[in-house]
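Undergrad: Here you go, one structure.
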Amino acid sequence: MSPISRRKLLTGGVVAAAGVAGLAAADRMARRFGLIPPDGGGIYGPGETLTYAAQRVLGKHALAREFPRGMISKTPFMNEVAPHNDEFKRHEAMGFRDWTLTVDGMVAHPLTLSVPELRALATQSQITEVVCEEGWSYVAEWIGTPVEAVLREAGTLPQVRYIVYTAMEKDGWDSLDMADALHPQTLLTWGMNDGDLPVGFGGPLRMRVPRQLGYKSVKYVMRLTATDSMKGIGRGLGSVAAEGGYAWYSGI
Ligand SMILES: Nc1nc2c(c(=O)[nH]1)N[C@H]1C(S)=C(S)[C@@H](COP(=O)(O)O)O[C@H]1N2
Ligand SMILES: [Mo]
C-alpha cells in the first residue's frame with residue numbers, strides 16, 4: 001500500500017474508532033500516526049486530537065467560503081483597539097513606514113520585509129468572514145500576501161512543521177501547521193475593503209486564517225518563525241489561546 005493510502009486508512013480508523021470505542025482510543029491511534037496537535041495532551045486533548053485529525057484527513061484542501069462583494073458588512077465589528085504602547089504609537093505617527101515582518105527560525109534565507117516589499121512579492125484578495133468564538137461575525141474583503149509566497153522566498157527547511165506568528169504585543173502569538181500555513185487563503189493582510197488595513201482591524205499587518213475562528217487571525221504581526229516543534233515556545237501548546245483553554249486548531 002502506498003504511504004498515502006495507508007495514512008488515509010489509518011486516519012479513517014481514527015475517526016471510526018471515536019465512534020466505536022470512544023475518544024481515548026482515537027487519541028491513541030492519532031498519537032501513533034502523527035496527527036496530534038500541540039495542545040493534544042491536556043484534559044480536552046482527545047477531543048482536540050479527533051477534531052484536528054478528522055479535519056486533516058477529510059478537509060485538508062477545503063476552501064473557506066468566499067462571498068459576493070454585495071455581502072461585505074456595512075459595519076464590520078471591530079473587537080480590539082490598537083496596542084497602546086509607545087512603540088506602536090511611534091510606528092503609527094510615521095505611517096507605519098518602518099513596520100517590518102521578520103521571517104526566521106528554520107529557513108534557508110531569514111528575511112526582513114516591509115509592507116511594500118510584501119505587496120511586491122505577491123498580492124491576493126478574498127471576501128471572507130471573521131467568526132469570533134463569542135458568537136458574532138462579519139464579512140470583509142481582505143487584501144494581502146499569501147504566507148506561502150513569503151515562506152517560499154525564505155525557503156523553509158523540509159523538517160518544518162509549524163509556523164509561529166507573533167504580534168507586537170509579545171503575548172499575542174499563535175501558530176499554524178504547514179497545511180494551513182501554505183493554504184491558498186492564508187494571507188498576511190495589509191488591505192481591507194479597497195483601502196489600507198485600518199489599525200482597529202489589525203493594520204498595518206494582520207494574519208488572516210479564514211478556515212479557523214477569529215482568534216487565529218492575529219493583528220499587528222511582526223514575526224514569522226519556522227519550527228519543527230512547539231516545545232520550548234511558551235508552554236508548548238501552540239498558542240496563547242491554547243494556553244488559555246481554547247483549541248489550538250479551531251476549524252470552521
Ligand atoms: N493582536 C491581536 N489580534 C487579535 C486579537 C487580539 O486581542 N490581539 N483578538 C482576536 C479575536 S478573539 C478575534 S475574534 C479577532 C477580531 O477581529 P476584528 O477586530 O477584526 O473583529 O481578532 C483576533 N486577533
Ligand atoms: Mo474572538
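The values are calculated or read from the model by the stated rules, or taken from the named source; none is laboratory data. Note that the structure is a prediction, hence the values are computed from the model and not measured. Note that each Cβ is placed from the backbone with ideal geometry, even for glycine, and that neighbours are counted across all protein chains shown. Keep in mind that these areas ignore ligands, DNA and RNA; they rest on the heavy atoms of the full protein, side chains included. Shrake-Rupley method; radii C 1.70, N 1.55, O 1.52, S 1.80 Å.
Undergrad: Once neighbouring chains are kept in place and the probe is 1.4 Å, which whole percent of the accessible area of region 93-155 is contributed by carbon and sulfur? Display every interim value, and only then the final one.
TA: On the way: 1380 of 2800 Å².
C and S fraction of accessible area: 49 percent.
Undergrad: Moving on. What is the set of long-range amide H partners of residue 212 at a cut-off below 5 Å, with H atoms built 1.01 Å from backbone N?
TA: Placed amide hydrogens put 252 under 5 Å from residue 212.
Undergrad: Figure the gain on full extension for residue 243 and residue 114 (residue separation times 0.36 nm, minus the Cα-Cα span) and round it to one decimal in nm. Could you put the intermediate results ahead of the total?
TA: Numbers: separation 129, 0.36 × 129 = 46.44 nm, distance 3.05 nm.
Contour length minus the Cα-Cα distance gives 43.4 nm.
Undergrad: Assuming R0 = 35 Å, what is the FRET efficiency of residue 137 and residue 170, from their Cβ-Cβ distance, to the nearest 0.05?
TA: Details: r = 28 Å, r/R0 = 0.80.
Efficiency, rounded to the nearest 0.05: 0.80.
Undergrad: What is the distance, in nm, between label points placed 7 Å from the Cα along the Cα-to-Cβ direction at residue 196 and at residue 90?
TA: Taking the simple label geometry, residue 196 and residue 90 are separated by 1.9 nm.
Undergrad: Probe of 1.4 angstrom, ligands and nucleic acids ignored: what's the accessible area per residue over region 69-243, in square angstrom? Walk me through the numbers on the way to the answer.
TA: On the way: 7570 Å² over 175 residues.
For region 69-243, the solvent-accessible area averages 43 Å² per residue.
Undergrad: Excluding same-chain pairs closer than 8 in sequence, count the lysine pairs in region 69-243 whose Cα atoms lie under 18 Å apart.
TA: Here the count comes out as 5.
Undergrad: While we're looking at this one, here's another question. Working out 0.36 nm times the residue gap between residue 104 and residue 71, then minus their Cα-Cα distance, what length gain in nm do you get to one decimal? Walk me through the numbers on the way to the answer.
TA: Numbers: separation 33, 0.36 × 33 = 11.88 nm, distance 3.77 nm.
Value of the extension gain: 8.1 nm.
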